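The values are calculated or read from the model by the stated rules, or taken from the named source; none is laboratory data. Fair warning: this is a prediction, and the values are worked out from it, not measured in the lab. Heads up, the Cβs are rebuilt from the backbone with ideal geometry, glycines too, and the neighbour counts pull from every protein chain shown. Side chains included, ligands, DNA and RNA excluded: accessible areas come from the protein's heavy atoms. Shrake-Rupley method; radii C 1.70, N 1.55, O 1.52, S 1.80 Å.
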Amino acid sequence: QVQLVESGGGLVRAGGSLRLSCAASGSVSSIGRMGWYRQAPGKQRELVADITRGGSTNYANSVKDRFTISRDNAQNTVYLQMNSLKPEDTAVYYCSALTIIMFYWGQGTQVTVSS
């Protein structure tokens, strides 16, 4: 079992920045890819960015050049640095972790960007 706890969400003005953190606990040695998804009201959950244990990254086109995902394997933590935030980035952001047998979600953290 893996537990994920996110932090760092909040309210920010357009153009501002936020940094999300996600701490993993439990069977952390089994975790491969970690990532961030988001879900806006009335929309499907979508991938924002993910990162392998080795540091290879993948981003949604809508956040490229604005968001940066990083990972500290020693601390079992994944981060999402979000810059130049836009109102359309408003959503609940969920941390994810993939093992061989299971995909885990965090509880989510709200990010609200005002115009």
Just checking, does the stretch 46-61 include any residue being under 10 Å from the mean Cα position of the chain (by Cα), open to solvent by less than 60 Å² (accessible area, probe 1.4 Å) and closer than 19 Å to VAL12 by Cα? yes
Suppose we filter THR68, THR112, THR77 for residues that are open to solvent by 20 Å² or more (accessible area, probe 1.4 Å), hydroxyl-bearing (Ser, Thr, Tyr) and under 13 Å from the mean Cα position of the chain (by Cα); which single one remains? THR68
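Results for (1) in contact (Cβ under 8 Å) with a residue 60 or more places away in the chain; (2) among the acidic types (Asp, Glu), shown as yes or no for each residue.
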site	(1), (2)
GLY9	yes, no
GLN44	no, no
ARG53	no, no
THR57	no, no
ASN76	no, no
ASP89	no, yes
MET102	yes, no
GLY106	yes, no
Can you tell me how many residues in the stretch 80-102 are open to solvent by 20 Å² or more (accessible area, probe 1.4 Å) and closer than 23 Å to PRO41 by Cα? 9
For SER29, indicate whether it is at pLDDT below 95, open to solvent by 50 Å² or more (accessible area, probe 1.4 Å) and either out of contact with any Ser or Thr (no Cβ under 8 Å at 6 or more places or on another chain) or under 28 Å from PRO87 (Cβ atoms) (or both). yes
